[in-house]
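> To start, I am sharing the structure in question, which I have written as structure tokens.
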Amino acid sequence: DQTVCTPLPVLGRDVLVPLVTGGEVAYAALDYAASAPALQRVWDDVAAYAPYYGSVHRGAGYLSQLSTDLFENSRATVAEFLGCRDDDQVVFTRSTTDSLNLLAAALPADCQVFVFETEHHASLLPWRDARVNFLNAPRTPAQAVETLERALAARDPYGPALVCVTGASNVTGELWPVRELAAAAHAHGARIVLDAAQLAPHHPLDIAELDVDWVAFSGHKLYAPFGSGVLAGRADWLRSAEPYLAGGGASRKVSRRGDGGVDVEWHTTAARHEAGSPNVIGVYAIASACKALTEAGFDSLVEREQRLVAKVREGLAEVDAVRVLSLFGDDAPRVGVISFVVDGWNSSHFAAALSAEYGIGVRDGLFCAHPLVRTLLASDPQDPGECGAPEAEPGERSLNAIRVSFGAGTPDEHVERFVGAVK
Ligand code: PMP
């Protein structure tokens, strides 16, 4: 656990920051839900690969062959990590946002999409060209399933349909009833895609066992660096869709037609949606993170994280002015992502004070989930908040929130310092 999960040392050491109270401490980056620090093991694997750097799928040269093997073996590692079925495809993308936009571009004609208003914008917005049904925020997991059941029962039963749902909320950390939602979707002839951006780093994920059709996640939240993501799942819609990007690598055969035009035969494998030279390092880093997490074992990661979740929640509960945001209530299972507001404080000022005075980095804002945060703050839905820092005078109701998030490698001291600072 220790060797696999140490946070990224910057220039060989943690970033030290002076405290206003005197002395220096290692900066406590408690913003894993935005981007988690890449594991040392991932950087080591990437550095070990550097001498073999070559283009993939492009040449007979030794380095090119090695790179191609690393790239394709990484695909197999990710498929194994996700528990993919034999006929699933693993497509490498730039991020969760990119993966969901790819799927949105691959929807069959007349596809209806069902999505809760509580989703992150990455899973809320890509479907705008489809026939989208936005579902109201449920207040219990059972209500989420009922709401979906009702909406699907009322749909045109003959056309294709897709449900998009987040596995763990990037705002409340709460787990959504994915298995039950998948069963409801399938019972009504719909498909389901799981936004696993916040679930994958905190929980073992098994696409076949959850019975979801696709899973999307980002490397930079799964302890790998920025720039790579995954869309994995059913091959059929992906195979028959127009390539996400047109270009080399996606095309199997290109020829001039007699009339002067160009004919293209596209690949039917994942390569169809991976045109251009791929992010081999990013892909290799994701596979390395998948292996590290599997070897470390999710049981011990989850147990440790849940201990930290309890510590933060208990600490915050002792402060009268703090209100923790929750959709499903106190007993809902959750990952290490907790958002709250503090009476009498503008959340942005509060987060700035945590950073400047205590060396603690948290996020403030609406977390790219505006409708959800507005519901949780019970603020006016017409209120034009922004992702950054909507203005609220000290003492006024907060228009945004503060989010603390953590995971593998978070020392107890960081969490204890956070609780002490809030108090
Ligand atoms: N979905 C959820 C639940 C997220 O938390 C995020 C990132 N905050 C995304 C999607 C988008 O991920 P990315 O920015 O890596 O595309």
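The values are calculated or read from the model by the stated rules, or taken from the named source; none is laboratory data. Note that the coordinates shown come from a computational prediction; the quantities given were computed from them, not determined experimentally. No Cβ is skipped: glycine too gets one built from the backbone with ideal geometry, and neighbour counts run over all protein chains shown.
> Please specify each residue of the stretch 83-98 satisfying the condition of being more than 8 Å from the ligand (Cβ to nearest atom) and not in a strand (DSSP E or B).
Result: G83, C84, R85, D86, D87.
> Then there is this: Give the stretch 168-185 a look and list any residue that's of a type in the set (V, I, T) and more than 19 Å from N400 (Cα to Cα), or say none.
Matches in the stretch 168-185: V178 only.
> Only one of S288, S300, S339 is modelled with pLDDT under 95 and among the polar types (S, T, N, Q); which?
Of S288, S300, S339, the one residue that is modelled with pLDDT under 95 and among the polar types (S, T, N, Q) is S300.
> From the list F217, F226, which residue is touching a residue at least 40 places away in the same chain (Cβ under 8 Å), within 11 Å of the ligand (Cβ to nearest atom) and assigned to a loop (DSSP other than H, G, I, E, B)?
Just a single option satisfies the conditions, and that option is F226.
> With the requirement that a residue be in contact with a Lys or Arg (Cβ under 7 Å, 6 or more places away or on another chain) and either in contact (Cβ under 8 Å) with a residue 60 or more places away in the chain or over 21 Å from E209 (Cβ atoms) (or both), what does the stretch 125-170 give you?
Within the stretch 125-170, just A161 meets the criteria.
> Also: What are the pairs with Cβ atoms under 6 angstrom where one residue, in the stretch 60-71, is without any contact (Cβ under 8 Å) to a residue 60 or more places away in the chain and the other, located anywhere, is in a helix (DSSP H, G or I) and surrounded by fewer than 17 Cβ atoms within 10 Å (Cβ to Cβ)? Sequence gap at least six, or different chains.
Partner pairs satisfying both residue conditions: L63/Y52; L66/Y52.
> Is one or more of the residues making up the stretch 304-326 part of a helix (DSSP H, G or I) and within 18 Å of the chain's Cα centre (by Cα)?
yes
> Take the residues in the stretch 168-192 that are assigned to a strand (DSSP E or B) and within 21 Å of W237 (Cα to Cα), then tell me which one is farthest from the ligand (Cβ to nearest atom).
The selected residue is R191.
Results for (1) at pLDDT 95 or above; (2) under 22 Å from the mean Cα position of the chain (by Cα); (3) in a helix (DSSP H, G or I); (4) farther than 20 Å from T97 by Cα, shown as yes or no for each residue.
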position	(1), (2), (3), (4)
F134	yes, yes, no, no
P138	yes, yes, no, yes
Q143	yes, no, yes, yes
T147	yes, no, yes, yes
Y158	no, no, no, yes
L162	yes, yes, no, no
L194	yes, yes, no, no
H202	yes, yes, no, no
E209	yes, yes, yes, yes
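> Quick test for you: out of A310, A287, pick the one residue that is among the small types (G, A, S) and surrounded by 19 or more Cβ atoms within 10 Å (Cβ to Cβ).
Within the list A310, A287, the selection yields A287.
> Additional query: Only one residue in A137, A142, A151 is surrounded by fewer than 16 Cβ atoms within 10 Å (Cβ to Cβ) and aliphatic (A, V, I, L, M). Which one?
A142 is the lone residue from the list that is surrounded by fewer than 16 Cβ atoms within 10 Å (Cβ to Cβ) and aliphatic (A, V, I, L, M).
> If you don't mind, there's one more thing I want to ask. Give the residues of the stretch 26-42 that are modelled with pLDDT under 95, outside any loop (DSSP other than H, G, I, E, B) and surrounded by fewer than 22 Cβ atoms within 10 Å (Cβ to Cβ), sorted by residue number.
Answer for the stretch 26-42, where residues must be modelled with pLDDT under 95, outside any loop (DSSP other than H, G, I, E, B) and surrounded by fewer than 22 Cβ atoms within 10 Å (Cβ to Cβ): A26, Q40, R41.
> What pairs come up if the first residue lies in the stretch 21-44 and is of a type in the set (D, E, K, R), the second is more than 16 Å from the ligand (Cβ to nearest atom), and their beta carbons are under 7 Å apart, counting only those six or more places apart or on different chains?
So the pair list comes out as E24/L16; E24/V17; E24/P18; R41/V4; R41/S288; R41/A292.
> So, in the stretch 99-124, of the ones that are touching a residue at least 60 places away in the same chain (Cβ under 8 Å) and assigned to a loop (DSSP other than H, G, I, E, B), which residue ends up farthest from the ligand (Cβ to nearest atom)?
P108
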